[in-house]
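Read through the structure below, which is laid out as structure tokens, and then see the notes.
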């Protein structure tokens, strides 16, 4: 809870990876729990050592110190082992952080990985990190094996030393004293050699965990930043200085993400130049400020939003944000709509309310204003429809509108919109601007970051950012006049010429009526009633019931070793215990009839030989056992990773990432570190128990009469205990997943959570999830205590029975009675430890069971089939859809129906339609993310895609997705994960995407590090990197799925230019909301609505269709969309035609 609370308050620029924080919560904090169990032995062991030494000294004399010295000499070995294990675990923790980071990157980008058939290089990247971790785990296994074997033989070696000293000094050592010494030394072995070693190792691990957690807790917090609010002590002075009307004011402020004092944990800083410099602005209570600028991280649009939210502190200057005087609420100040919509794993209503009180009337108003009413009515459960993790069941436009609805519903003091309108259709964007930004929020302070320049004339102020500085700032008229000044145009580095041209065109078009509307229709056609994915609620995590299946144990053994190696390993362990039992029988024979040990000096060599053999066999057996355990863990991890990456896309839609991470972190950690030693102790205690029973049975067979009764009682206790404890463990394992999911969800939307002042609510939700896990864990501890008490009682009853039977039978020699009693004393601890460890092992096998469940996931279609396409396939790029339909898994209604299209080679096809119409679903069938019906309904160059392996298909196609994905690693790896291209080819692709200067300026250039989620690149730059991937692959079929939604108009043109230049002969399918984007490069346009093809033809022909019997507004489908976009839509089409003619001339 403390780590999570720190996560909510830490500064955004304190660079910490998701994997690091997840590892703190999942593994580091567990060291505290483990230490509590053994910590008391750190002070009990010295007391026990003094007491035992005193008792044995009275019976044996000074030779006892020879045996005690063995324990004292064993202490340095314990310290060495503990220190070595501590160093190894520290390295393992760091390596596990990196592995979880890589894995988290893979899960976030799993859809892109599948689309590009990149599963193998990403799996290799994770496995390379895993191999570094395994190297340390193998070292840990060797050290743990050595320490375990020495712990077991320390008592026999100590007794040997005492016997040898007594023999050498001719001191009498009768039989009763011999076994008294062995008995007390065995007690010391359990405490000093066992519990203390474990406690020291846990303490060292806890010490490392404390250091890692302390480093995280000492990171700077957001509250330390220079961000003034109206409720600060100096608020009155600030109000007097900036004026009553100002809600936001920034005075000559410089901002920098790369501050060394904030980068304690994370990647190294690459640049210390300010990301924003000399920023000054003022926003009054009712003003709307538009922020524009070209694409690029250095522009600073999103950084400006972060600065206003307090996420980016000023290096100099001041930032002032105050609550308006009309607001009485102390809980909420700023409503923030991020560029990439952030969704909670909950219902539509949960995402809109975001902790606010529910009002049906206000909800209706907000849904209407945000064009969500029809979408919500079409959902299976309306507002209560579950949207899935990251809103996976929603389209990009729906997520953007829900994010806007959240801001509107919150009734905040100040609104920041970071370009959300780019994710929706033009007519929907127009409606949102009119009904929300200039409607419900009119009179509120608003900042709108946008690339859609048609909205600028309706704004009160416009700010043009370029290279982190303000180039233009003022009202629309002033900005327009400034555009004509030669000083602005003459500076080629100041602003993009394309951006100036676009801005001037929009402003000039609207100049005659700046104070009026744009002539946009105020009505918006009904949103479509077909949702691509209906209520795909997250599947509840499967939890097994009953005992662990025998197949789990067999699959675990088969995962690591061959049968002969298992037999060899068990033979070594068993023979070691046979040697120990034989040594005790030798002592019993030596002392037969009460003779002294001094009279049997000729057999000292035999006893010494048995002890030496025991030491060698024990060392070999324990080390091999531990190493085989690590090998099994290695193979299970690889099988699980391969199975998860081979799972269909639907699996990731219904399983939250936190649930998957739980298997790879906590469950895998149990198999890596805990299970091997628990299994070894269980086998050893079983052999101790079996040896004790055999010895007692040989000495006095009558005592075995009570054995069935006691064994049956113990078995019943174990069965009763396991019935509860096993299920409690499963409940605890399942209860961990919501913790990790909530943590991951919080980290991905931290700026939104803090903007809405929802930290307290999120902290309570995490505490609720944590308490559910703690309840299960505490119940498990209680079950263990119950078992311990009952087992001790049963075993002591059996011990007393054997004791009285042995005393009653007078013909048994005293030495063998002493041997039997010593074995009985050992039996008490052995049986208790055996049953407890066996129960613990079965509980630990719950983690194995959960891992094996993920190794057997249903895979997607095979990567390769007998149908192998030609090496140059597709050589033409012809695509044919033949009466194709699509129904998503787990749903009944088709999202695409009877699609028939014939696309010629090299054609440029635009795909348009309202949000959720099925546009992305159409393209998903092309890549076989979901299989269409009937089987051979999609052909590429005459080959049915359903007959091909998914890798054979996807590796021949290219896609530029709606949401770009970058992986933590080098830029080279992000562009070419398969390593198939030379540096020269990569540089050509970068320059073609106009990223050459950006990359050349990076330290390391192609080897420059890409941070987690690509946060050191802007959204536009990330999209240009996606373009590089497509250019580098040079496929004959290229798909653009809303690829330019989050970039400015000028960058959109550059991307379109690059597509036309580098894919002149390729078939290009483009999904876009911007009408000018579609018209710019489209030979023909497909209009999709409600899963049906409504129109398909040349843009000019479709625009000429002024009537349609099927269209909701009576116009032609495309013609109606242009009319709904109003004057801006018509202007966009006109400008697209002009730009296309220019581009065709340039390309030619």
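Note on residue 935 and residue 58: the model spin-label points, each 7 Å out from Cα along the C-beta direction, lie 8.7 nm apart.
Where a ≥ b ≥ c are the square roots of the eigenvalues of the C-alpha gyration tensor, would you call segment 855-960 rounded, which needs a/c under 1.5, or, failing that, prolate if a/b is larger than b/c, or oblate? Oblate, because a/c is 1.5 or more while a/b does not exceed b/c. Here segment 960-1034 was treated as a single set of alpha-carbon atoms; its pair distances binned every 5 Å from 0 give 3, 18, 32, 31, 14, 2 percent.
This ranking places 955, 395, 571 by how few other beta-carbon atoms lie within 10 Å of each, fewest first, which gives 571, 955, 395. Of the residues 569, 343, 39, 705, the one with the fewest other Cβ atoms within 10 Å heads the list, and the complete ranking is 705, 39, 569, 343. Taking a ≥ b ≥ c as the square roots of the eigenvalues of the Cα gyration tensor, an a/c ratio of 1.5 or more together with a/b no larger than b/c marks segment 33-81 as oblate. Shape summary of segment 627-707, radius of gyration then Dmax from alpha carbon positions: 21.6, 66 Å.
Sort 139-149, 982-992 by packing, meaning the average of other beta carbons within 10 Å per residue, with the highest value first.
Working: 139-149: 22.5, 982-992: 16.3.
For the peptides 139-149, 982-992, the packing ranking is 139-149, 982-992.
For the Cα trace of segment 392-487, dividing Rg by the Kirkwood Rh returns an Rg/Rh value of 1.01.
Which ordering of 375, 642 is given by a fewest-first count of other beta-carbon atoms within 10 Å? Write down the numbers at each step before the final one.
On the way: 375 27, 642 17.
Arranged by neighbour count, lowest to highest, 375, 642 become 642, 375.
Using only the C-alpha atoms, the convex hull of segment 605-653 corresponds to 49 Å³ per residue.
I need the calculated FRET efficiency for the pair residue 221 and residue 36, taking r as the beta carbon distance and R₀ as 30 Å, to the nearest 0.05. Walk me through the numbers on the way to the answer.
On the way: r = 30 Å, r/R0 = 0.99.
Here the calculated transfer efficiency is 0.50.
Packing-based ranking of 412-418, 936-942, 195-201, 715-721 yields 412-418, 195-201, 936-942, 715-721, ordered from highest to lowest mean Cβ neighbour count within 10 Å.
Considering all projection directions equally, how large on average is the shadow of the alpha-carbon convex hull of segment 1-129, in square nanometres? Don't skip to the answer; put the middle values down first.
Values: hull surface 49.3 nm².
Across all orientations, segment 1-129 yields a mean hull projection of 12.3 nm².
The convex hull of the Cα atoms of segment 905-976, projected and averaged over all directions, covers 6.6 nm². Of the two radii for segment 670-820, the radius of gyration is 1.26 times the Kirkwood radius, both from the alpha carbons; that is the Rg over Rh value.
Between residue 553 and residue 885, what is 0.36 nm times their sequence separation minus the Cα-Cα distance? Round to one decimal in nm. Kindly include the intermediate steps, with their values, before the conclusion.
Values: separation 332, 0.36 × 332 = 119.52 nm, distance 4.42 nm.
Roughly 115.1 nm would be gained on extension.
None of the figures in this text is laboratory data; all of them are computed from the coordinates on show. Not measured: the values here are computed from a predicted model. Positions of Cβ are generated from backbone atoms using ideal geometry, with glycine treated the same way; all protein chains shown enter the neighbour counts.
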